[in-house]
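Novice: Sharing a structure with you now.
No value in this document is a laboratory result; all are computed from the given coordinates. Worth saying up front: this structure is predicted, and the values here are computed from it rather than measured. We place every Cβ from the backbone using ideal geometry, glycine too, and count neighbours over all the protein chains shown.
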């Protein structure tokens, strides 16, 4: 029961009209590159490609009106009968726990599939 993993991005309807337009993105084996404008020694501007670092990708996508898409969690926990009810979405099994937290129950759980 850790943080959900980001598996992609989709358009955020709340920011469609306010976010700046997405520039042309290229993906290759080295990563994601975007156009970047530079200035040469004579003061003239030129366009080059710049690769985004791993820490920049999330901020770049959210700045341009995209929202994160997360991988679905395997376990869902809810308070029940003084303990917790833990549901595994993989094997569709529900267990009642008492005496330990949902995280500990998820670590002990073994799917029967």
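Novice: Say we look at region 41-71 and pick out the residues that are within 12 Å of the chain's Cα centre (by Cα) and without any contact (Cβ under 8 Å) to a residue 60 or more places away in the chain; which of these is surrounded by the most Cβ atoms within 10 Å (Cβ to Cβ)?
Specialist: The qualifying residue surrounded by the most Cβ atoms within 10 Å (Cβ to Cβ) is 61.
Novice: Same structure again: What tally of residues in region 6-31 results from selecting those that are surrounded by 10 or more Cβ atoms within 10 Å (Cβ to Cβ) and touching a strand residue (DSSP E or B) at 6+ places or on another chain (Cβ under 7 Å)?
Specialist: The total comes to 11.
Novice: Return the only residue of 26, 5 being closer than 30 Å to residue 105 by Cβ and in contact (Cβ under 8 Å) with a residue 12 or more places away in the chain.
Specialist: One residue alone meets the criteria, 5.
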